[in-house]
Amino acid sequence: MTKSELIELIAAKQQHLAYKDVELAVKTLLEHMSESLATGQRIEIRGFGSFSLHHRPPRIGRNPKTGEPVALPGKYVPHFKPGKQLRMRVNGEDATNS
Amino acid sequence: MALTKADMAERLFEEVGLNKREAKELVESFFEEIRAALEDGTSVKLSGFGNFDLRDKSERPGRNPKTGEEIPISARRVVTFRPGQKLKSRVEAYAGSSEQ
């Protein structure tokens, strides 16, 4: 499923909203989430999961062509941990009470 | 403080002009449709943000960390998130603090 398919699905279920508003809302949500992670703030959605940053320490890499060592600085990478309800539903378990 | 559904609904109220109830429902609907797709076995690709993929794991040996007893971890389907290039480069630049 792509972003535009997701927008269509939501628009079909929120009949009182104009398609354009749903489209803008989904884009605003994703931008808000990206912005949050880009400023080091985690995201917590009960029943869905949480997004946080994991640190990757600096390391010595190599230029694959010349074999020359290159110092790579440490960095942060986004990490997602699925929540209980999502984990259960994806695995075909009954999640009605969680 | 972590970002929550309430913060996202507030942003939709301020920036998109949805009323508070519509904003709350839209945030709920956004996460529910992603969950429903994944539950159906469909991966979700949100360009600029990242992909939610599914992986089928076969049974593997595990251990009860308390008792040391060996117990198999059953075969299961799990969700993985692969951040997109745009999100990765935005996050990479983050210099870090005590937040995480």
Per DSSP H run of at least 4 residues, take -39500 (n - 2.57); add these up for chain B, divide by its residues and hand me the 222 nm value, nearest 500 deg cm²/dmol.
-> -12500 deg cm²/dmol
Excluding residues fewer than 8 places away in the same chain, name every one of the lysines whose C-alpha is closer than 25 Å to that of B:Lys5.
-> A:Lys3, A:Lys13, A:Lys20, A:Lys27, A:Lys81, A:Lys84, B:Lys20, B:Lys24, B:Lys45, B:Lys86, B:Lys88
Expected integer from the mean partner chain Cβ neighbour count at 10 Å over B:69-78 is 2
With every protein chain kept in place and a 1.4 Å probe, the residues A:Tyr19, B:Tyr94 fall, from largest accessible area down, as A:Tyr19, B:Tyr94
Nearest 20 debye, what's the magnitude of the dipole of the protein assembly as shown about its Cα centre given +1 on Lys and Arg Cβ and -1 on Asp and Glu Cβ?
-> 860 debye
From other protein chains only, count the Cβ atoms within 10 Å of every residue's Cβ in A:5-13, then give the mean.
-> 4
Within-15-Å neighbourhood charge of A:Ala18 [Cβ basis; K, R +1; D, E -1] | -2
Among A:His32, A:Pro69, A:Gly92, whose Cα lies farthest out toward the positive end of the dipole of the range A:31-98, if unit charges sit on the beta carbon of Lys, Arg (+1) and Asp, Glu (-1)?
-> A:Pro69
Measuring from the longest principal axis of the C-alpha atoms of chain A, the long axis of helix A:19-38 (C-alpha) lies at a number of degrees, nearest 10, equal to 30 degrees
Rank by packing, highest mean first: peptides A:90-96, B:32-38, B:45-51, with packing defined as the count of other Cβ atoms within 10 Å averaged across residues.
-> B:32-38, B:45-51, A:90-96
Residue (of B:Gly62, B:Ile34, B:Val16) at the positive-pole extreme of the range B:16-67, dipole from beta-carbon charges = B:Gly62
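The values are calculated or read from the model by the stated rules, or taken from the named source; none is laboratory data. Since the structure is predicted, the reported quantities are computational estimates derived from the model, not experimental observations. Here Cβ is always computed from backbone atoms with ideal geometry, including for glycine, and neighbour counts include all displayed protein chains. All accessible areas refer to the heavy atoms of the entire protein, side chains included, with ligands and DNA or RNA removed. Shrake-Rupley method; radii C 1.70, N 1.55, O 1.52, S 1.80 Å.
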